[in-house]
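For reference, the structure is listed below as structure tokens.
The values are calculated or read from the model by the stated rules, or taken from the named source; none is laboratory data. Small disclaimer: the values here were computed from a predicted structure and weren't measured. As a convention, Cβ positions derive from the backbone with ideal geometry for all residues, glycine included, and neighbour counts pool all protein chains shown.
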Amino acid sequence: MSDAVQTQSNPNAGFTPRVFSGIQPTGNLHLGNYLGALKRFADAQNKGIESIYCMVDLHAITVWQDPADLARATRELCAGFIAAGVDPEKSILFNQSQVPEHTQMAWIFNCVARMGWMQRMTQFKDKAGKNAQNASLGLFAYPALMAADILVYHATHVPVGEDQKQHLELTRDIAIKFNHDYGVDFFPITEPVIEGAATRVMSFRDGTKKMSKSDPSDMSRINLTDDADAIAKKIRKAKTDPEPLPDSIEGLEDRPEARNLVNIYAALADLTPEQVIAEHAGQQFGTFKPSLADLAVAKLAPISTEMSRLMQDQGEIDNILRRGSDRARNIATPILQKTYDIAGMIRS
Ligand code: TYM
């Protein structure tokens, strides 16, 4: 952003690598959340980097949430993290509202971020719709809380899907402006990690639209709670074009639905889209879709089964969230205190 000033040449020298990411507990975890986020979280954790994953319940209420639904969705999301391979012993898994340092840091960042920066956020424009005057103040300030989520841990890397790119640029701008205004090198300039074949999974009904939990058509997405039959049916019915798969990746240009299915196959099989094309060149969708459905069922159905099993023990999920919150606070408290010291807040 033009009004932020970059003051450092190697801004993250001296910061321990630490991964942070978050997901909103607003129900309907879908294939996009899995491939763009959850699966990659499990991969990052397994590389041995300290990883912190958050159910951002305070972000969720920037638009109205029924309280009982929110509590259920938060536990279900926790079950989803674990079922997708995030180990609550190796990683820190918690819900945002149990770590008050997020909102305390967010206030500081509300005073660093500029109105103009927030007004440019496309997610705010999309979510507020035509009646922006009626949107909550929280929805407007959403990206400052997101920056606080990340920077209160001095996180250096944030794995996300492509739709979060603009928010992460804002996080960097907030860190740069804070460091510049107070004359410190205190916050890292976080790297977005938007990698792999499926950073933008598209709708099964319209290959130009992102797969999303808010799409009114359930056929547009695979939910992580779908059983094997539903997964196979949605893939069979996914919109495609009449051409067979091309023999090179360039042949997928201008074929958004075909490209989406190839990308999904690649991400599920841990292959590149080029490798998928090499294996399936010339196939009709009548052949490719059943292969994709088999693969998706093999990878996703166990997640749905494990989520339902975990959901039966609500007490255990709450224990995991409490233990995760304690561990998260141990990291966040000293960073928040130092931030307050830098800003001149008296601690007596
Ligand atoms: P949320 O809850 O909308 O989505 C969670 C994650 O899923 C990714 N994602 C997708 N990836 C690929 N294809 C799709 N169709 C798709 N749909 C969603 C998102 O990119 C995201 O990685 N603002 C965030 C939550 C958040 C956060 C944070 C993230 C709050 N604080 C700090 C990172 C760091 C959001 O609304 O994600």
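Answer with yes or no whether Ala132 is buried (at least 19 other Cβ atoms within 10 Å of the Cβ), in contact with a helix residue (DSSP H, G or I) (Cβ under 9 Å, 6 or more places away or on another chain) and among the aliphatic types (A, V, I, L, M). Explain how you work it out, then say what you get.
Values: buried (at least 19 other Cβ atoms within 10 Å of the Cβ): no; in contact with a helix residue (DSSP H, G or I) (Cβ under 9 Å, 6 or more places away or on another chain): yes; among the aliphatic types (A, V, I, L, M): yes.
No: the conditions fail for Ala132.
Kindly indicate the residue of the stretch 263-283 that is part of a helix (DSSP H, G or I) and touching a residue at least 60 places away in the same chain (Cβ under 8 Å) and also surrounded by the fewest Cβ atoms within 10 Å (Cβ to Cβ) among those meeting that condition. Steps first, answer last, please.
Narrowing the stretch 263-283 to residues part of a helix (DSSP H, G or I): 263-269, 273-280.
Right, trim to touching a residue at least 60 places away in the same chain (Cβ under 8 Å) and you get 263-264, 266-268, 273.
On the way: Asn263: 22, Ile264: 27, Ala266: 20, Ala267: 24, Leu268: 21, Pro273: 18.
Looking at the filtered set, the residue picked out is Pro273.
Within the stretch 164-188, can you find the residues that are of a type outside the set (D, E, K, R), surrounded by 20 or more Cβ atoms within 10 Å (Cβ to Cβ) and either in a loop (DSSP other than H, G, I, E, B) or more than 10 Å from the ligand (Cβ to nearest atom) (or both)?
Matches in the stretch 164-188: Leu170, Ile174, Ala175, Ile176, Phe178, Asn179, Phe187, Pro188.
Just need a number here: residues in the stretch 219-253 that are closer than 15 Å to Met202 by Cβ, of a type in the set (A, V, I, L, M, F, W, C) and in contact with a strand residue (DSSP E or B) (Cβ under 8 Å, 6 or more places away or on another chain).
1
Here is a list: Phe140, Phe109. Which entry is under 30 Å from Glu50 (Cβ atoms) and either more than 18 Å from the chain's Cα centre (by Cα) or part of a loop (DSSP other than H, G, I, E, B) (or both)? Steps first, please.
Numbers: Phe140 fails: under 30 Å from Glu50 (Cβ atoms).
When all the criteria are applied, what remains is Phe109.
Would you please list the contacts, defined by Cβ atoms under 9 Å and residues six or more apart or on different chains, that run from a residue in the stretch 141-157 that is at positive phi to a residue that is assigned to a loop (DSSP other than H, G, I, E, B) and more than 10 Å from the ligand (Cβ to nearest atom)?
Note: pairs meeting the criteria are His154/Phe15; His154/Thr16; His154/Phe186; His154/Phe187; His154/Pro188.
Each row is one residue, and each column tells you yes or no for (1) under 19 Å from Tyr142 (Cα atoms); (2) outside any strand (DSSP E or B); (3) touching a Leu at 6+ places or on another chain (Cβ under 8 Å).
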site: Gly36; (1), (2), (3): no, yes, no
site: Ala42; (1), (2), (3): no, yes, no
site: Gln45; (1), (2), (3): no, yes, no
site: Val63; (1), (2), (3): yes, yes, yes
site: Ala73; (1), (2), (3): no, yes, no
site: Phe81; (1), (2), (3): no, yes, yes
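I'm checking my understanding of the structure. Among residues of the stretch 208-231 that are within 12 Å of the ligand (Cβ to nearest atom) and of a type in the set (Gly, Ala, Ser), which one is nearest to Gly32 (Cα to Cα)?
This residue is Ser212.
Can you tell me which residue among Thr74, Thr62 is among the β-branched types (Val, Ile, Thr) and in contact with an Asp or Glu (Cβ under 6 Å, 6 or more places away or on another chain)?
Checking each option against the conditions leaves just Thr74.
Here are some residues: Ile342, Ile303. Which one is among the β-branched types (Val, Ile, Thr) and in contact with a Leu (Cβ under 7 Å, 6 or more places away or on another chain)?
Exactly one of Ile342, Ile303 is among the β-branched types (Val, Ile, Thr) and in contact with a Leu (Cβ under 7 Å, 6 or more places away or on another chain), namely Ile303.
Given the conditions (1) of a type outside the set (Ser, Thr, Tyr); (2) within 14 Å of the ligand (Cβ to nearest atom); (3) at negative phi; (4) more than 15 Å from the chain's Cα centre (by Cα), which single one is not true for Gly161?
Gly161 satisfies all of (1) of a type outside the set (Ser, Thr, Tyr); (2) within 14 Å of the ligand (Cβ to nearest atom); (3) at negative phi; (4) more than 15 Å from the chain's Cα centre (by Cα) except (4).
Scanning the stretch 112-137 for residues that are of a type in the set (Lys, Arg) and in a helix (DSSP H, G or I), which turns out farthest from Asn179 (Cα to Cα)?
Among those residues, the one meeting the criterion is Lys127.
Return the residues of the stretch 47-77 that are farther than 19 Å from Thr225 by Cβ and more than 18 Å from the chain's Cα centre (by Cα); say none if nothing qualifies.
Lys47, Gly48, Trp64, Pro67
Identify, from the list Asp163, Asp227, Asp173, Asp218, the residue that is free of Cβ contacts under 8 Å to residues at least 24 places away in the same chain, out of contact with any Gly (no Cβ under 6 Å at 6 or more places or on another chain) and either assigned by TED's automatic domain parsing to the domain that holds Ala328 or charged (D, E, K, R) (or both).
Asp218
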